[in-house]
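Once you've had a glance at the structure underneath, I'll fire off some questions.
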Amino acid sequence: MNVTLPTAEALRAALAGLLDGLPPKQATQAVDRLIANYRGTTPTDAPLLRDRSDVAAYAAYRMPATFEAVRSALDALRDAAPDWEPATHTDVGGGTGAASWAVAGAWEGPRTTVLDWAEPALELGRELAAASGVPGLRAAQWQRARIGQDLALDATDLVTVSYVLNELTPQARTALVDAAARAAQAVVVVEPGTPDGYARIIEARDRLIAAGLTVAAPCPHSAACPIEPGKDWCHFSARVSRSSLHRKVKGGSLPYEDEKFSYVVATRFTPRPVEARITRRPQIRKGQVLLELCTRDEALRRATVTKRHGELYRAARDIDWGDAWPPPQEPEGPSGR
């Protein structure tokens, strides 16, 4: 990958440059209100980001985490379709553009259009994109659009919908997912890694499958989710490095946090299949690794990998939550070894 493409560090630098001087008390109050909304269960028909202070607080607090969650989902898409590259990308409800940064970091060429109903978010997104120095981001189109039942999407290769469904009424959620399914070759939906967020992902997953798409990740199949409703939920984790600004706004002291998220990736084309997906953080014990798996045969199971498994055991010690299992085999050399 081109080293000039955006990274989490570049995003933090752009945020720090634009948000220098943000009053911490005002930002903290805005963050507290936004957290309540984004983790809550009450949908709204109005944008949550109301003014510049809301947008600045959101960008400082949420953009790095959203970037990492979407980047993880895009990594799964790239693994499932290593030869596919989108030429066009629509970021629905993209706000300040975290998902667009992640897309620009995954591929060099996509022409991005960001749609959002909050003009202050679009304004700050434009500023951040201009500060990125990345041609793809600087050329992105930022358009105001009502994200709801009347949204019409032009044909595009990739649609991202990140941390948006929780803002919408059930009818608007359905309309948005259906519109994305009609418009795109690949759809990536990301929500908070809570039971409610997972429920919205399952709802979106069902509609994408009904529209003729195939689940590419995280599920190894497009059949019904084997998790019993109300008993558990599928989610993953992305490590987020905190900047000093982030720590001030959030009030935390650790240099990192773990963003829990749920997601689905679905495609119009056939993705590369995986045998299983690791659904919990692997437990490393003396001489063994315990794995929780969702498998291609539509089941949940536990696997114990021990030293007697040789190379597979060594791979298990390096495997991470959310990875495919078993890991892809390295191509053999000319000698066949």
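Read-outs: derived from the displayed coordinates by stated rules, not from any lab. In this text the structure is predicted, and so the values were computed from the model without any measurement. Cβ coordinates were reconstructed from backbone atoms using ideal geometry, including for glycine residues, and neighbour counts include every protein chain displayed.
Is the C-alpha gyration tensor of the stretch 80-169 telling us rounded, prolate or oblate? Criteria: a/c under 1.5 is rounded; beyond that, a/b larger than b/c is prolate, otherwise oblate.
It comes out oblate by the Cα gyration axes.
For the pair Thr174 and Ala224, what calculated FRET efficiency results from E = 1/(1 + (r/R0)^6), where r is the Cβ-Cβ distance and R0 = 22 Å, to the nearest 0.05? List each step's numbers first, then the result.
Values: r = 19 Å, r/R0 = 0.85.
Efficiency for this residue pair is about 0.75.
Give, in nm to one decimal, the length gained when the segment between Asp297 and Ile284 is fully stretched (0.36 nm per residue of separation minus the Cα-Cα distance).
Numbers: separation 13, 0.36 × 13 = 4.68 nm, distance 2.54 nm.
Full extension of this stretch gives 2.1 nm more.
What translational D, rounded to a whole number of µm²/s, comes out for the stretch 97-149 from Stokes-Einstein when the hydrodynamic radius is the Kirkwood one over Cα pairs, at 25 °C and 0.890 mPa s?
Working: Rh = 11.2 Å.
Rounded to a whole number, D works out at 219 µm²/s.
Going by amide H atoms built from the backbone, whose H comes under 5 Å of the H on Val114, apart from near neighbours?
Distant-sequence amide H within range of Val114: Asp91, Gln141, Trp142, Gln143.
So if I take the alpha carbon set of the stretch 91-231, get Rg, then get Rh from the Kirkwood formula, what is the Rg over Rh ratio? Display every interim value, and only then the final one.
Working: Rg = 15.3 Å, Rh = 15.7 Å.
Result for the stretch 91-231 is an Rg/Rh of 0.97.
Shape of the stretch 153-211 from its Cα gyration tensor (a ≥ b ≥ c, root eigenvalues): rounded if a/c is under 1.5, otherwise prolate when a/b > b/c, or oblate? Can you show the working numbers first?
Numbers: a/c = 1.74, a/b = 1.65, b/c = 1.06.
In terms of gyration-tensor shape, prolate.
In nm, to one decimal, how far is the Lys260 label point from the Arg239 one, both placed 7 Å along Cα→Cβ?
1.9
Ala210 versus Ala87, label points 7 Å from Cα toward the beta carbon: distance in nm?
Modelled inter-label distance: 3.2 nm.
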